[in-house]
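Visitor: Mind having a look at this structure? Questions to follow.
Readers should treat all values here as calculations from the given coordinates under stated rules, not as data from a laboratory. Given the structure is predicted, the values throughout are model-derived calculations rather than measurements. We place every Cβ from the backbone using ideal geometry, glycine too, and count neighbours over all the protein chains shown.
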Amino acid sequence: MTADLFDGTADVGPAEQAIAEGAILLRGFVRPFEHDLLPALHAAIEQSPFRHMQTPGGHQMSVAMTNCGAVGWITDRSGYRYDATDPQTGQAWPAMPDVFLLLARQAATRAGFGGFVPDACLINRYEPGARMSLHQDRDERDFSAPIVSVSLGLPAIFLFGGPKRADKPLRYRLQHGDVVVWGGPSRLFFHGVAPLADGDHAALGRKRINLTFRKAR
Ligand code: MD3
Ligand code: FE
């Protein structure tokens, strides 16, 4: 049977959508990787569990985070940085699973960023009400490398601004299986996530998980 409006599997809009210079939304790009991706994700989370980190200002983030790869992004009272050690376990972060690397590289290549080798994958977990306020990602050394983001579980409203904090953000609904590559000028654009609406996802339950692949060093 073919996908159509009746069975609810119709494509809504084009599979690939340029959303800014250097930024491309690849809807459903995860599909061929999903079978291997979810078990690899669960293994990583078992080794370095989710935790609510503290911002330098002393607030606890509503998004729970962990990492895999050679280095991981952390925040605490002393600031934001990448570190090779998980401060909670005292051990190295879990290795980047092969399927993570393959997915990130293929998405980057599709967007025109061949040769992308991420050394960090930040794993964000949103439960209903969790949000991420507008920010830039500037803790990486080389802004010529893109960031690849993978959305899993409940849908979220992604807020995509411009180079200045005051630029009015556009809203994109990111769904399970969507991948976005952020390179070129968009690499330093302000962005955030609106408070997650409640729901129940068939594979992931009452949450959204976002993977962001970065070249930090
Ligand atoms: C645009 N995460 O981890 S992914 C983050 O859904 C972060 O968890 C959000 O922002 C999330 O830093 C958004 C999309 C994303 C990630 C990085 C970007 C968009 C970006 C970097 C530059 C521009
Ligand atoms: Fe970000």
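Visitor: Hey, which aspartates and glutamates would be in cross-link range of residue 164, C-alpha to C-alpha under 14 Å, not counting anything within fewer than 8 residues on its own chain?
Guide: Leaving aside aspartates and glutamates fewer than 8 places away in the same chain, those within reach of residue 164 are 137.
Visitor: Name the residue, out of 146, 163, 195, whose mean-square fluctuation peaks in a Gaussian network model built on the chain with Cα pairs under 10 Å.
Guide: Checking each option, the largest mean-square fluctuation is seen for 163.
Visitor: Right, another one. Using the Cα centre as the reference, give the magnitude of the dipole from point charges on the C-beta atoms of the range 105-175 (Lys, Arg: +1; Asp, Glu: -1; all else neutral), rounded to the nearest 20 debye. Present the calculation step by step, with values, prior to reporting the outcome.
Guide: Working: 11 positive and 7 negative charges, 67 e Å.
Roughly 320 debye for the range 105-175.
Visitor: Something else about it: Between the range 120-199 and the range 18-51, what's the alpha-carbon centroid distance in Å?
Guide: 13 Å
Visitor: For an R0 of 22 angstrom, estimate the FRET efficiency from the Cβ-Cβ distance between residue 217 and residue 43 and round to the nearest 0.05. Show your work: numbers first, answer last.
Guide: Details: r = 24 Å, r/R0 = 1.09.
About 0.40, to the nearest 0.05.
Visitor: Starting from 0.36 nm per residue, how many nanometres of slack lie between residue 109 and residue 198 once their C-alpha separation is accounted for? Before the final figure, lay out the partial values.
Guide: Numbers: separation 89, 0.36 × 89 = 32.04 nm, distance 3.40 nm.
In short, 28.6 nm is gained.
Visitor: Just 104, 156, 95 to compare: in a GNM of the chain, with alpha carbon springs under 10 Å, which one fluctuates most?
Guide: Result: 95 has the largest fluctuation of those listed.
Visitor: In straight Cα distance, which aspartates and glutamates are under 17 Å from residue 168, not counting same-chain residues fewer than 8 positions off?
Guide: Within the straight-line limit of under 17 Å, residue 168 reaches these aspartates and glutamates: 21.
Visitor: Moving on. Nearest 10 degrees, 0 to 90: what angle lies between the long axis of helix 98-110 and the longest principal axis of the chain (Cα atoms)?
Guide: Result, in degrees: 60.
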